[in-house]
Amino acid sequence: MSELKLKPGLYLYPTPAGAYQAISTPQTNKPGRFLQRLLQQPQTPALTLEELCRLAETDDEAKVLELLHHCQQLGWVQGVDEVLSAPQTALEILLPDLLGQISETGKVLLADEQGLYLACSGFTHEVAEELSALSADLATVHQRRSGLLISNMGIASHAWAIVDVFGCSQIGFWPLFIGNHHFVIAIAGIPHFNQAEFVTLIWALSIRYAKKDSPKQGE
């Protein structure tokens, strides 16, 4: 892979697909850990071998270029022309607006693993409380039955949905595994995870909840 070269003057930034890949499963591999560490940076790092080796926790420049190439081929990372900084606004102020941008209906909530909602957009307080409790119940069911889904049926997704007669999701529940924390996003209607706001959301949560855990994840 000696023909791989970095384009100068760019900064490394995850795509929405890369942000989702980083948090969609509790199991981590090298690309996943690389993406997680990228999302824990206070600003987009320069696209240099030094920065890439730091993020990948290796001194092997050839391997880190292969890793970057792999992530690029899968559409998980992109190069941007200017430095972007992580959100500085307090999460309780930032989250409702970001959540509202990742759903066609604007109805979204973020809950923790105990079934308590941390922020919501579009739902009433009572509905948000019930959906958050339901998200915790679904997580428990999934944990107990994931062996069947993954091993016997080849279904690796951790997401659940309540669907209509046509099989379209009326409300879906997507887990976010960030550091040692487990969150759930509940969305009414069609999710818009392909938006820039989704990257900002995962970036903000990673800075808040995963940064202290990151050294242990790479071991």
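In this entry, the chain is assigned a mean projected area of 13.3 nm², taken as a quarter of its C-alpha convex hull surface.
Label-to-label distance for Val163 and Cys53 is 4.9 nm, based on points extended 7 Å past Cα in the beta-carbon direction. Put simply, the amide H of Leu84, placed in the peptide plane, has neighbours under 5 Å in Thr44, leaving out anything fewer than 5 places away on its chain.
Put a plus charge on the Cβ of each Lys and Arg, a minus charge on the Cβ of each Asp and Glu, and nothing anywhere else: the dipole of the chain about its Cα centre is then about 380 debye. Picking from Leu91, Leu35, Leu176, which is most flexible by a Gaussian network model of the chain using Cα springs under 10 Å? For the chain, modelled as a Gaussian network with Cα springs under 10 Å, the answer is Leu91.
Ignoring the sites themselves, what is the longest stretch of the chain with no trypsin sites (Lys or Arg not before Pro) in a DSSP loop and at most 13 other beta-carbon atoms within 10 Å? Here the longest run is 6-211. With a Förster radius of 22 Å applied to the beta-carbon distance between Glu113 and Met153, the computed FRET efficiency rounds to 0.35. In the stretch 11-85, the convex hull through the Cα atoms has an average projected area of 4.5 nm², a quarter of its surface area. Each residue of the stretch 102-111 is assigned a 3J(HN,Hα), and the resulting list reads 10, 9, 5, 8, x, 9, 8, 9, 10, 10 Hz, derived from the Karplus form 6.51 cos²θ - 1.76 cosθ + 1.60 (θ = phi - 60°), x at Gly and Pro.
Every number here is computed from the coordinates shown, using simple stated rules; none is lab data. Quick caveat, the model's predicted, so the values are computed rather than measured. Virtual Cβ from ideal backbone geometry, glycine too; neighbours counted across all protein chains shown.
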